[in-house]
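Any read-out appearing in this document is the output of simple, stated calculations on the displayed coordinates, not a laboratory observation. Fair warning: this is a prediction, and the values are worked out from it, not measured in the lab. Cβ placement follows ideal geometry from the backbone for every residue including glycine, while neighbour counts extend to all protein chains displayed.
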Amino acid sequence: MQTLDIPLGKRSFLYRFFEMVPALLSYGAIILLLVLSLIDPLYAAVYLMLVIITTLIKAIGIAFHTIKGHRNLVAAQKVDWHARLVDLEHAIDGMESSQLSHGGSFGRVEHVENIKSILKQPELYPRPSSLYNAVIIAAYNESIDVLEPTLQSVATTAYNNQQMIVVIAYEERGGKQMEDTAQLLKRRYEKSFKAFHLVKHPKDIAGEVVGKGGNITYAGKFLQAWFEKQRIAYKDVIITTLDSDNRPHKEYFDYVTYEYIVHLDRKRLSYQPISLFLNNIWDAPAPMRVLATGNSFWNIISSMRPHTLRNFASHSQPMDALVEMDFWSTRTIVEDGHQYWRSYFHFRGDYAVTPIMVPIYQDAVLSDTYRRTLKAQFIQLRRWAYGASDVPYVATRVLSSRRTVPLFGGLARLIRLIDSHVTLASVAILVAVGGWIPLLINSEAARSIAAHQLPEVISGVQRVAMIGIFIMVFLTFKMLPPRPARYKKRRNIWMVLQWFLMPVTGILYSAASAYTAQTALLLGRYYDKFDVTEKATVSAIAPKSHKKH
């Protein structure tokens, strides 16, 4: 039986080869254009046109999914998911409610069908009142100004707090200040839930990288023992992990509980909300606002493509599944995305991520100085891009003679995984400057009509792509939290003008961070430490630090 763990120390030849694949393909995409430009500008033009056409098709799909995803996000937030849980409880008791809409049309047809299914076989469905939601809030050395709003948001959701268990999982390496903050929060909130626990993750545990995975796994095992002592069945518990700056929508836990109940394959599902990096969007510098908004829209788009949806940041999963899998990986700094693959292989391919169409609000990157903020943003994106480390993990399992998942399904996922990382690294560069390369490095290109037309064609594609940016700008203003009183109306103008930075951020941040992470894998220089993104609040920053646009 294959282990779910990432190897430590020396890798096998095949594993090592696939660690190098993302970088080889990403660098190869650029090198190929250079080589073709030297051989014949026409070859380079054909290659680049294929890239551009593919990018354009993807951009059209992205625009469509952006609009539809935003519409679903708005509609799902209008639903009274708590009332729908009451409907399920009544159906299990054999009673059908006469009012089943509860807040609009989103999911109404499915809700009616769910009620009918429960009425036919109520024994297959757990009662909402018998379930618990446990929340693990991961913390390192964050201040109370960052952590307390997260606890407040959890305490004030529509879900019954007497069915909720909260754990602050904090790091011993966070020091005395973190210890004091945790104890203070416990005194303030321990009576707000069924149970409130502090779990301190010891430092320097053998076999663990320095990261979030070890912290939340340690907390998960604490909860496992606590549930056994309380005689609460694992199958009656849903676990949600939150970062220290996460603020779930007020209907989130009711919504997750609803989806958990109505799916018979509930153990083989995880539940993914839409992460919106909007908590402090008005305070973050312009480059960070563009990246935060772009990442928010990417999460909206991903929710519209369930076959490609992966665990990201905060998500929920049944306790019985987590116990079977030994919780999360303690050997990678990207435990969230990697959890998808651990689950996929543990359940032999019979696993999926269910989108939860309400947000969990997170912070855009903001440190105490402009320069530190720029650096922190790059480090965060580099950590996300290190998800390329999943390529060898997946490849060696899909291509193994001891394969436990369907071949074609596994190959399709592997190809999409590789494509996503190569695209992140290389496509922005190819589209932005690729059209000029044949003209710059091959004197024969001056006589090539195709080479001369490339910059013009790319310019046309970029104009089409602007439609997608206009859509995002429009929807951004519909999603933004209210403008803080400390900012004047002219701040709105900068919120529009910031989008001119998108080509720059796409290359300087997204592409550069992807190449950096993939190069580390290529050279075998593994990231074994989770670089925590600095989280500063405006109250802790000198006024001059956030005057820049």
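Observations on the model:
- Alpha-carbon centroid distance for the pair segment 1-35 / segment 383-402, whole angstrom: 8 Å
- Size of electric dipole in the chain: Cβ of Lys, Arg +1 and of Asp, Glu -1, about Cα centre, debye, nearest 20: 1020 debye
- About its Cα centre, the dipole of segment 174-280 is roughly 360 debye, where the only charges are +1 on Lys and Arg Cβ and -1 on Asp and Glu Cβ.
- Net charge over other residues, Cβ less than 15 angstrom from the Cβ of His338 (K, R count +1; D, E count -1): -1
- Net +/- balance of residues flanking Ile6 in space, Cβ distance below 12 Å, scoring K and R +1, D and E -1: -2
- In terms of its C-alpha gyration tensor, segment 245-403 comes out oblate, because a/c is 1.5 or above while a/b does not outweigh b/c.
- Ranked by how many other Cβ atoms sit within 10 Å of their own Cβ, fewest first, the residues Met20, Met178 fall in the order Met20, Met178.
- Fraction of beta bridges assigned by DSSP in the chain that are antiparallel (%, nearest 5): 20 percent
- Between helix 81-92 and the chain: long-axis angle, C-alpha atoms, 0 to 90°, nearest 10: 50 degrees
- Distance from segment 61-131 to segment 277-311 (C-alpha centre basis), Å: 26 Å
- Of the options (i) 1.11; (ii) 1.01; (iii) 0.97, only one is Rg/Rh (Cα atoms, Kirkwood Rh) as computed from these coordinates, and that is (iii).
- Computed lengthening from Lys58 to Asp145, 0.36 nm per intervening residue step minus Cα-Cα distance: 27.3 nm
- Anisotropy class of segment 123-244 from Cα gyration tensor, a/c 1.5 cut: oblate
- Positive minus negative residues near Val74 (Lys, Arg vs Asp, Glu; Cβ under 12 Å): +4
- Tensor-based shape of segment 1-98 (alpha-carbon gyration tensor, a/c under 1.5 rounded, otherwise prolate or oblate): oblate
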